[in-house]
Structures are given as C-alpha cells and as structure tokens.
Amino acid sequence: MTSPIRVAVLGPTGRLGSAICRALLDNPDFALAGAVVRAESSAAGEDIGAWLGGEAVGCRAETALEHAVHDADIVIDASLPGMTVAAAERLAGLGGPALITGVTGFNAGQMKRLETCTDRLAILMAGNFSLGVAVTEALVREAARLPAETWDIEVHETHHKRKADAPSGTALMLARTAAEARGETLEDIATWSREGTTGPRRPGTIGFAVSRGGSVVGEHSVRFLADLEEITISHRALDRSIFARGALEAVRWMTNGGKDRPAGRYTMQDVIAG
Ligand SMILES: NC(=O)c1ccc[n+]([C@@H]2O[C@H](COP(=O)([O-])OP(=O)(O)OC[C@H]3O[C@@H](n4cnc5c(N)ncnc54)[C@H](OP(=O)(O)O)[C@@H]3O)[C@@H](O)[C@H]2O)c1
C-alpha cells in the first residue's frame with residue numbers, strides 16, 4: 001500500500017478550507033498534515049478534526065506556517081489574498097513544499113509577487129477547482145478561434161443572492177480565455193453592462209450579463225452568436241463539494257506520484273491534461 005499524500009491547509013476554518021479538510025479526512029489516499037490559522041483565530045491550537053465537529057485527528061491549527069508545513073508534501077491555500085502572497089514568499093524561501101492556491105481576487109501587485117515566487121516554487125493557481133469548469137474553459141478557448149467579425153461572444157453568470165462581487169471570478173476567467181484566444185486583452189474589449197440607448201453592438205467585443213438570486217451555487221454560459229447559428233458552452237455547479245473534489249485532484253497532479261513538479265506556474269488546465 002502506498003502512503004497517503006500529506007497535505008497542509010491554509011485557512012482551514014473558512015467555507016472552502018473546511019470543505020477541503022473534510023474531503024482530505026474522508027479519503028484514505030490523503031492525510032491532513034498541518035493547518036494554518038490567523039493568530040487571533042478561535043481555532044488556534046485546536047485539533048482541526050474536533051474543530052470541524054468530528055473526532056480529534058491529531059492535527060492542531062498552527063499560527064506559524066513553518067510548523068504546519070514541515071511534515072507536508074504539499075500545501076493547499078483556501079485563505080485570502082494577503083495570506084496567500086505571504087505564504088508563497090515564505091515557502092519559496094524555504095524551498096517548498098509546493099503550493100496550490102484556490103484563492104481569488106488578487107490585485108495586480110499581489111499577482112506580480114506570486115509570479116515572482118514561481119521562479120523558485122511550484123504554484124498551481126486555480127480560481128475555480130471544478131474539473132467541469134476546467135473543461136468548459138478548454139472548450140471556450142477552442143470556440144473562440146472562430147472569426148471575431150462574425151461570431152459575437154456573450155458571457156452570462158448566475159449566483160446566489162449573497163455573492164458580493166460581479167462578474168464572478170470564473171466568468172472573468174472564461175472571458176479572459178476567449179479574449180486571449182483572439183489575441184486580445186479582456187479589459188480592451190469587454191462590455192461590462194448595457195443600459196439605455198446603447199446603439200448597435202460593437203464587433204469583436206465580449207459582453208457580460210449577471211443575475212443574482214436564491215441559492216444558486218454557480219452557473220456560467222458563454223454564447224457564440226453568428227447570424228445563422230449559435231454555440232452555447234455552459235456549466236452548472238450543483239454542490240460546493242465539487243471544489244474540494246477538484247482540489248484533491250490538483251493535489252494528486254502536483255505531487256505526481258512522489259516526482260514533484262518543478263518550480264513554475266500551473267493551472268487546472270494542466271490537471272485535466274493529465
Ligand atoms: N478555487 C475555488 O474553487 C474556490 C471556491 C470557493 C471559494 N474560492 C475562494 O477561496 C477564498 C476563500 O473563500 P471562502 O469562501 O472559504 O472564504 P472564508 O470563508 O472567508 O475563509 C477564508 C479563510 O481564510 C482565513 N484567513 C484569512 N486571512 C488569514 C491570514 N492572514 N492567516 C490565516 N488565515 C487567514 C480565514 O480565517 P478566519 O476565519 O480566522 O478569518 C478563513 O479560514 C476566496 O478567495 C474565494 O473566492 C475559491
């Protein structure tokens with residue numbers, strides 16, 4: 001029997017982090033090897049299994065990154081951007097272990113600092129851990145090769161009523177992929193919203209439409225509209241557990257059966273490519 005992959009989690013008390021911890025504890029292929037919380041966190045020093053409402057698992061929430069990662073094969077980050085950047089710089093300085101981050105919302109300066117770390121550290125950045133979304137992104141890249149003069153692109157997303165940001169990080173990622181496939185920068189060709197007398201659609205642009213309501217986990221569709229035909233590529237998340245499941249697949253890919261990936265930047269596109 002091969003030994004389990006030992007994973008440390010940053011932000012184990014949050015919605016995403018706790019789902020990932022539960023998935024790790026439920027799967028014998030993985031072991032929870034460490035957990036990092038803020039110094040002020042009520043979970044500091046607590047056993048993570050017990051803190052999540054289950055049995056004690058022998059893994060205490062640490063406030064020092066070094067203590068939590070010293071026995072880990074890999075680190076999964078489900079915290080927030082400031083913590084992610086600080087952790088990546090520390091791990092790059094320590095020479096590992098590699099980092100998988102599911103965090104979104106980095107500003108340009110934070111993204112630049114993360115990019116710099118990839119010179120010394122393997123980092124997988126996954127704004128959406130869903131394997132279905134990763135395949136959707138690949139399909140969008142393919143379809144966006146259709147000529148921009150005749151195929152208009154419109155992105156539509158729906159989320160629950162508590163969501164604070166719009167468009168969603170995933171809608172932005174899908175639109176950015178389409179723009180890049182057309183040799184463009186999304187910010188140059190996006191039409192973020194429409195209201196009033198908008199005039200005819202400007203060719204080559206990517207339009208957005210956002211809906212909010214109920215408890216929708218996440219729906220995204222990218223429509224390619226020509227005069228006589230249309231293509232719609234869409235994804236619907238039915239349960240948040242897909243993110244934890246995808247995160248575990250990312251762990252398997254990054255640890256690569258003990259032959260760790262070299263320093264560099266990776267995405268879920270690498271994971272689905274196998
Ligand atoms: N990739 C995906 O598939 C996916 C899916 C869902 C969400 N996300 C993203 O994942 C991130 C977290 O989302 P969430 O909904 O889980 O948020 P959340 O519930 O607010 O959790 C954030 C976690 O980070 C911890 N944290 C914040 N600052 C920290 C620091 N300096 N040191 C240590 N821990 C710190 C928080 O601890 P405290 O509780 O002590 O503040 C909490 O455990 C967001 O960027 C979100 O957009 C990604």
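What follows is calculated from the coordinates using simple rules that are stated; it is not laboratory data. Computed from a prediction, not measured in an experiment: that's the story for all the values here. Cβ coordinates were reconstructed from backbone atoms using ideal geometry, including for glycine residues, and neighbour counts include every protein chain displayed.
Side notes on the structure shown:
- When shorter helices are ignored and each DSSP H run of at least 4 residues is given -39500 (n - 2.57), the per-residue value for the chain at 222 nm works out to -10000 deg cm²/dmol.
- Residues of type lysines that residue 259 reaches as a straight line, Cα spacing below 30 Å, ignoring anything fewer than 8 places off in the same chain: 112
- Label-to-label distance, residue 164 versus residue 187, with points set 7 angstrom from Cα along the beta-carbon direction: 2.2 nm.
- Of 207, 169, 258, the one that fluctuates the most in a GNM where the chain has Cα springs shorter than 10 Å: 258
- Relative packing of 232-239, 243-250, 190-197, which averages over residues the other C-beta atoms within 10 Å, highest first: 243-250, 232-239, 190-197
- Computed 3J(HN,Hα) for segment 225-239, one whole-Hz value per residue from the Karplus formula 6.51 cos²θ - 1.76 cosθ + 1.60 where θ = phi - 60°, is 10, 10, 5, 10, 7, 9, 10, 10, 10, 9, 9, 10, 8, 9, 7, glycine and proline marked x.
- Relative to the Cα centre, the charge distribution of segment 212-274, modelled as +1 at Lys and Arg Cβ and -1 at Asp and Glu Cβ, gives a dipole magnitude of about 420 debye.
- Integer Hz, Karplus 6.51/-1.76/1.60 couplings in order for segment 148-155, x for Gly and Pro: 5, 5, 10, 10, 7, 10, 10, 10
- Projecting the alpha carbon convex hull of segment 131-237 along each direction and taking the average yields 7.0 nm².
- Dipole axis of the chain (+1 Lys, Arg; -1 Asp, Glu on Cβ), positive-most option in 130, 177, 14: 14
- Ratio Rg/Rh [Cα only; Rh per Kirkwood] for the chain: 1.01
- Lys, Arg +1 and Asp, Glu -1 on Cβ, resulting dipole of the chain about Cα centre, debye, nearest 20: 240 debye
- Max mean-square fluctuation residue, GNM over the chain, Cα-Cα springs under 10 Å, options 108, 39, 19: 108
- Less than 5 angstrom separates the built amide H of residue 266 from those of 123, 124, 125, all sequence-distant by 5 or more or on a different chain.
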